[in-house]
Amino acid sequence: MADKQRSRVLVVDDERNVLLTYRMLLEQEGYDATASLTAKEAIRLLEKQQFDILLCDLSLEEKRTGFEVINAARERDADLPAVLLTGYASPEAAEYAKANDVAVLYKPIEIEEFLKTIATLLKENHA
Amino acid sequence: MTAGEGQSAVAMKKESLSPAPARSRAAGMEKVERRSSFARQPSLRLLLAERSEEVLPILLDEIVRMGYPRAFIASSNFESGQIAVSAEVNCPANYIKRFSTFLWSGDDPLVGVLHKGEPAVLPHAALNRRALYAHPLIFRNRTRCWEAERSRQSDCLAVLNDRSVRRMALQEQTCTACEMRGYAYVVGVDLPKTTTERQLNELRSIIELSNRYLSRLFKVEHYYNRMRDMDVVIAQMETVLASMADPVILTDPQHRVITQNKAAERFFSIPDNASEGAQRALELNNLLFSAALSSMAMSGTDSSRDLTLVDAKEGEEVLFEAVTAPTYSREGLRTGLVTVMRDVTDLRKADQEVRQNLEKLMQAEEIVRQDRDRMSLVIEAVGDPIIVADNAGKPVQFDSLAAQLFGKIGEDVRDQGRVRNLVKLSAYLTAFTFAFGQTEEGKLKLYHPPSDTHVEFNTRSGKILDARGQVSHTVTVLRDLSALRKVEELRVQARMLEMEKFAATGRLAGTIAHEVNNPMEAIKNSIHLLQNRVKPGAEPVYEILKSETDRVARIVRQMLGLYRSSSQVGGFDINRVVEDTLALFGRQLERAGVTTALDLGKIPPVVGSADQFRQILSNLVVNAKDAMAQLDAPNPIPNGESSVSDKKLRLYLRTRHLSGSATGRVVVTIADTGSGIPQNIRDSMFEPFVSSKGEKGTGLGLWIVRGITQSHGGKIRVRSQEGRGTVFQIYLPVVRS
């Protein structure tokens, strides 16, 4: 639990309620969760703060994608673990994610799988 | 034929009377006197003559007895016209010669007497320049002959001669009524100078009497001769009748048989020794004949009837045509019927055969006509241009499509396009007609007037041979290849449209699922957050909330799959998709303890959506895995032995190309050794939301499998046995892209 409290998670989703439940789930798990509704805000947050992991919805406001946010974050921290949360990913998107070492979780997400994936990625990155 | 001459006094031999006239006279007298006591009276003595030739000798004898020195009879021959002395008493030969003359020697006094028909005294005509009494004897009678009487004719020769008014010329002395030839004699008597008028009258009357008597005898003899002639005719007729092969029957007005010939007797005359059957048959024949006669008599004049009679001897039926003609008497009275029967059995048989043959011919013609109509219908229905040509390669029949290309048969084709087409066709037909092969296939590029384009046609030709094996006609069918290609294209388009429709449906479902997905996510997360925070007693409600939400989440996920598989349609490699899918599920299957076997055949590329096909395979593989997982579940049998633990869990995938039809089909087989499909859902397993997996299943998997398969023009075959396994086979048509 102590480790987790120190882990800072940035979660981005354009659906307010979904974003809220993600934040609460993460907080309930003991993470330091920061939530952002837009890519624009997320990128601004990434410039200001350091995060241990980035969870990002694929389709965001104004045709922006989660990859934009992930790429922006990776420019500062190339090894930052990133998870793409999506209801639908085109084969090209899935290929792209795989090539760029981005985990993909398809909505509706099994919560156990969701938490497990985050924990695993954080642990791998720490190791 | 007149019998007159034969026995007439004209032919009487001079010799019989001339030698020793005195003696002969005495002998003749004796003979006559012995016959009768009338002899003393000269007139009565004449009655002793029983034949015409006896009359004139008696007359001459009587004249001499009356005291005249000599007398003669000159007779005329109507045929030759000669007049000559045929009988005489006491006449010297040179004296007789004087009286030889001709009927047409008009200035001869003797001939004049004959022509006038009146007796005359010719001075100095007799011997020693004495006067000669000449008396003509011509056939005459006061009453008509019987024939003339019966036929009510008034111009009987005898009567005409009797009336001095209308006497017939000597050359024409033949009775028109009885056809009797008359006679003409002249009796010549030398008159002594002392002859008195009274003596002359006596002489005249005895000669007249003789002539009357002669006429009568002549008449009788004529009838006798006629009777004899008739006998001959009758005998001849009977011979004719007897020799006729056809039955001839003469019947009286009461239909009684007067006479019949041998051929008729065979059918109508009942012999004494006839058997009972023959007798009955002959009686029946008679009855039938009488009936036929009655009916024919009723119908009036000549008529005919068909009559079937039994030949009693042969026991056969013979068909006759009976023709009757009534017979009439001279007076026009009906005296009976003559019936001639002709055996027409063979004739009728032949007639019947001809009729039957005609009927057969007509039937055959009808069949040929029907065949021709049917053929025409077939030709019109084929929908390809058809050309029938004769053995010289000249077209004799076009169907309507061929007429579009070449013009109508017999029509003068003017336009360039059709003329060129005809030239090409003619060259093709000639080459084929004289080639060895019975059939030929080729190509003809022809101008197609309706579309104003040139079209390449496939030609298929065949030969029609006559009975001798010679080519009588050729038939050529043209097939528009471009039309065929167009059909193929249309089929592909229709398939694409189907796929597109399914994809669109999928996109719609996916879009809805996508929209539902986010609220779903929020709800699900919220439920998770409420875990361990529900008030005591509310846990069951919380559990329902959680499980039902999970179920909705699964449905949404499945529907999102449809959204994902709406990718493009094109040619793809089925084997690669199978391999990819198996690789994707490889680890899951391995964990479940399933061994997989892959058997990939040589498959041509298939047109369709690779993604959609991947969806089919994924769904079926997941189903197979789940079915086997159900078997592998902890066994509830009390003694702890698992009934399935030793059963091998196997998944088998196979692809094959079936080259049955034009391009064939591809069949993909997915077989498992799982729990099988429960009986109760077999009928409905392809319906949406039907599942055997309980809460874990969405009931959409097989529905999607079916939808995609059908949209690809394919078919699904399922065999399953509960507890043993299931085999799915997906048949997809191979479409050339």
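Just so it is clear, none of the values below were taken in a lab; they were calculated from the coordinates. Because the structure is predicted, anything quoted here is derived from the model rather than measured. For neighbour counting, all protein chains shown are included, and Cβ atoms are generated from backbone atoms with ideal geometry for every residue, glycine included.
In terms of surrounding Cβ atoms within a 10 Å radius of their Cβ, B:174, B:581 rank from fewest to most as B:174, B:581. Per-residue mean of foreign Cβ neighbours for B:515-523 is 6 (Cβ atoms of other chains, 10 Å radius). Maximal additional length on extending the residue B:287-residue B:235 stretch stands at 15.7 nm, based on 0.36 nm per residue less the C-alpha distance. Straight Cα distances below 30 angstrom link residue B:262 to the lysines B:313, B:349, with same-chain residues fewer than 8 positions distant left out.
Within 10 Å of the Cβ of each residue in B:548-558, the mean number of Cβ atoms contributed by other protein chains is 2.
The calculated FRET efficiency for the pair residue B:397 and residue B:359, based on their C-beta separation and a Förster distance of 41 Å, comes to about 0.85. Distances between placed amide hydrogens fall under 5 Å for residue B:342 paired with B:321, B:322, B:323, all partners being 5 or more residues away or on another chain. Ordering B:454-461, B:176-183 by mean Cβ neighbour count within 10 Å, with the highest value first, yields B:176-183, B:454-461.
Stretched out straight at 0.36 nm per residue, the stretch from residue B:174 to residue B:382 would grow longer than its current Cα-Cα span by 65.3 nm. Against chain B, whose longest principal axis is taken from its Cα atoms, helix B:276-298 shows a tilt of about 80°. Can you give the angle from 0 to 90° between the axis of helix B:539-564 and the longest principal axis of chain B, with both taken from C-alpha atoms, to the nearest 10? Its long axis makes an angle of about 60 degrees.
At full extension, residue B:455 and residue B:151 could sit 99.3 nm farther apart than now, given 0.36 nm per residue minus the alpha carbon distance.
Kindly express, to the nearest 10 degrees and within the range 0 to 90, the angle between helix B:416-433's C-alpha long axis and the longest C-alpha principal axis of chain B. Roughly 80 degrees, rounded to the nearest 10.
Cross-link partners of residue B:445 among lysines, defined as those whose alpha carbon lies under 23 angstrom from its own and excluding same-chain residues fewer than eight positions apart: B:394, B:408, B:424, B:463, B:486. A protection proxy built from the mean count of other Cβ atoms within 10 Å ranks the segments B:535-544, B:66-75, A:40-49, most packed first, as B:66-75, A:40-49, B:535-544.
Couplings 3J(HN,Hα) of the range B:465-482, computed from phi: 9, 8, 4, 8, x, 8, 5, 9, 8, 10, 10, 10, 10, 9, 10, 7, 5, 5 Hz, in residue order, whole Hz [Karplus 6.51 cos²θ - 1.76 cosθ + 1.60, θ = phi - 60°; x for Gly and Pro].
Close amide-amide hydrogen proximity is noted between residue B:336 and B:327, each under 5 Å apart and 5 or more residues distant or on a separate chain (H modeled in the peptide plane; Pro and chain starts excluded).
Taking packing as the residue-averaged number of other Cβ atoms within 10 angstrom, the listed peptides B:237-244, B:397-404 run from highest to lowest as B:397-404, B:237-244.
Placing R0 at 60 angstrom, the Cβ-Cβ distance between residue B:313 and residue B:220 gives a FRET efficiency of 0.80 after rounding to 0.05. Computed from backbone phi with θ = phi - 60° and the Karplus coefficients 6.51, -1.76 and 1.60, the 3J(HN,Hα) list for the range A:92-97 is 5, 5, 5, 4, 4, 4 Hz; x is used for glycine and proline. With a Förster radius of 60 Å applied to the C-beta separation of residue B:349 and residue B:426, the computed FRET efficiency comes to 0.65. Would you please classify the overall shape of chain B from the alpha carbon gyration tensor, given that a ≥ b ≥ c denote the square roots of the eigenvalues, rounded means a/c under 1.5, and beyond that prolate means a/b larger than b/c while oblate covers the rest? Judged from the Cα gyration tensor, chain B comes out prolate (a/c at least 1.5, a/b above b/c).
Determine the shape class of the protein assembly as shown: with a ≥ b ≥ c the square roots of the Cα gyration tensor eigenvalues, call it rounded for a/c under 1.5, and otherwise prolate if a/b is greater than b/c, oblate otherwise. Judged from the Cα gyration tensor, the protein assembly as shown comes out prolate (a/c at least 1.5, a/b above b/c).
Going from the residue with the fewest nearby Cβ atoms within 10 Å to the one with the most, B:526, B:675, B:105 rank B:105, B:526, B:675. From helices alone, chain B scores -15000 deg cm²/dmol at 222 nm; the rule is -39500 (n - 2.57) for each run of n ≥ 4 DSSP H residues, then divide by the residue total. Label reach from residue B:515 (point 7 Å along Cα→C-beta): in the range A:81-116, amide nitrogens under 18 Å belong to A:87-88, A:108. Have a look at the DSSP beta bridges in chain B and tell me what percent are antiparallel, nearest 5. Once the DSSP bridges in chain B are tallied, antiparallel ones form about 95 percent.
Considering only alpha-carbon pairs that sit under 8 angstrom and 6 or more positions apart, the relative contact order computed for chain B is 6 percent.
Note on A:10-21: average number of Cβ atoms from other chains within 10 Å of each residue's Cβ is 4. Provide the percentage of antiparallel DSSP beta bridges, counting only those with both residues in the protein assembly as shown; round to the nearest 5. So the antiparallel bridges in the protein assembly as shown amount to around 80 percent.
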